[in-house]
Amino acid sequence: MAQPPQPELRLDSDAGAVFVLESKGKWWHAGFHLTTAIVGPTILTLPYAFRGLGWILGFFCLTVMGCVTFYSYYLMSLVLDHCEKAGRRHIRFRELAADVLGSGWMFYFVIFIQTAINTGVGIGAILLAGECLQIMYSNLSPNGSLKLYEFIAMVTVVMIALSQIPTFHSLRHLNFASLVLSLGYTFLVVGACVHAGLSKNAPHKDYSLESSSSSRVFSAFTSISIIAAIFGNGILPEIQATLAPPATGKMFKGLLMCYSVILLTFYSASVSGYWAFGNKSNSNILKSLMPDDGPSLAPTIVIGLAVIFVLLQLLAIGLVYSQVAYEIMEKQSADVNQGMFSKRNLIPRLILRTLYVIFCGFMAAMLPFFGDINGVIGAIGFIPLDFVLPMLLYNMTYKPKTSSLIYWINLFIMVVFTGAGIMGAFSSIRKLVVDANKFKLFSTDVVD
């Protein structure tokens, strides 16, 4: 059986190991990282997800997936603690999976899924940041000539500069600011949605689902995939690696901090946005607040501040997920070219990171599907990594009795979300194909 590559702590080539050896992270730093990884501007997509589920099923899915992800992240932190106590401290998701499951293919499967997630989030962050700039520009200059892809290019240049921040731990202060920003723009958007729903120009509130049964089913699974992507965090082992050892119990405190913010933001954004716009909710609720065919439905200063906060946080989110992608690329390249990514040789690292950001920016400009991208990422990335694999890792590590409740709870979650992931992938890709008729390459608007 093929053996997965083992973790190496070579200071000259392993960027991730260099970081961990120098790590002095506290539990609240992990809380900042977790919050940035989960609580992002994608929450502005929640009203759009609700329109495929309705009130009752929307609340049910949001609550269930919140509980399941908290549970799964806690189980994964326990598995990491168990391995650390056994003398095998893992700083990467792929090595944890390969160690516990004992198969070389699992190592590469996790690399593939993580790379897909990190690249998808990178593309989505650049796309949404470009859209935010476009919203600000169109408000200030309604007849301006700049297009969406030009704003995406501007964001890409900024991300190239920020991509040179060397390590995950270096982002702790930035991620604290990100936490504050997420609370700020959520409350601004909630207030704007309430104002819009009560104003004389309030849109007609229609909460009905699609008339066709098959369309309702596909829309529901696409919405479930979107919610999975919003709750998703495929980099928990890398975040736990930022903690100074021993990490036992610290991740639980970090998760409590993160989910306190989730409770405040996810429900308020979902309820206010879906209440105000119903089944007309846009994949970016800010666009619903500023319709093309009428006046702004909220004070310009409120929407402007929210857009600025969202834009700033998107830069932090892009950096958090990109760090893992950089580490994967740099580690694999360093294995081929010994010492290539040492601290003394920064040019190859600069080139590789720059090319990665340019690729994400190019894909964002060429294929501006924000809601659809969320659905695909959730189905093929976050569901297997966050809703299935942690339960499997726990059962394989702690080996609970088959008669125990926790064994059957974990098995039930794995089966249910495997099915949901398969259906969600099919539904999301189907919607992506259907929506392909709505745009041209380098479109001037984001496609819902």
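The values are calculated or read from the model by the stated rules, or taken from the named source; none is laboratory data. The structure displayed is predicted, hence computed values, not measured ones. Virtual Cβ from ideal backbone geometry, glycine too; neighbours counted across all protein chains shown. We work out accessible area using only protein heavy atoms, side chains counted, and drop any ligands, DNA or RNA first. Shrake-Rupley method; radii C 1.70, N 1.55, O 1.52, S 1.80 Å.
Values as computed for the structure displayed
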{"read-out": "Unmet requirement for Met414, which otherwise passes all of (1) at pLDDT 85 or above; (2) more than 24 Å from the chain's Cα centre (by Cα)", "value": "(2)"}
{"read-out": "Matching entry among Ser322, Ser272 (being buried (at least 22 other Cβ atoms within 10 Å of the Cβ), at pLDDT below 85, in contact with a helix residue (DSSP H, G or I) (Cβ under 7 Å, 6 or more places away or on another chain) and of a type in the set (S, T, N, Q))", "value": "Ser322"}
{"read-out": "Conditions (1) among the hydrophobic types (A, V, I, L, M, F, W, C); (2) in a loop (DSSP other than H, G, I, E, B); (3) at pLDDT 80 or above; number of the one not met by Ile165", "value": "(3)"}
{"read-out": "Segment 417-445, subset surrounded by 15 or more Cβ atoms within 10 Å (Cβ to Cβ) and hydroxyl-bearing (Ser, Thr, Tyr), residue modelled with the highest pLDDT", "value": "Ser427"}
{"read-out": "Hey, Ser219 modelled with pLDDT under 90, open to solvent by 20 Å² or more (accessible area, probe 1.4 Å) and out of contact with any Ser or Thr (no Cβ under 8 Å at 6 or more places or on another chain) or not", "value": "no"}
{"read-out": "Criterion: surrounded by 23 or more Cβ atoms within 10 Å (Cβ to Cβ) and of a type in the set (A, V, I, L, M, F, W, C) - qualifying residue of Leu256, Leu297, Leu264, Leu289", "value": "Leu289"}
{"read-out": "Output for segment 212-237, where each listed residue is outside any helix (DSSP H, G or I) and out of contact with any helix residue (DSSP H, G or I) (no Cβ under 8 Å at 6 or more places or on another chain)", "value": "Ser212"}
{"read-out": "Residues within segment 171-211 that are among the polar types (S, T, N, Q) and assigned to a helix (DSSP H, G or I), tallied", "value": "4"}
{"read-out": "Residue in segment 238-259 that is farthest from Ala298 (Cα to Cα), counting only those that are over 19 Å from the mean Cα position of the chain (by Cα) and assigned to a helix (DSSP H, G or I)", "value": "Lys250"}
{"read-out": "Of all residues in segment 169-211 being more than 30 Å from Val324 (Cα to Cα) and β-branched (Val, Ile, Thr), the one that is least open to solvent (accessible area, probe 1.4 Å)", "value": "Val189"}
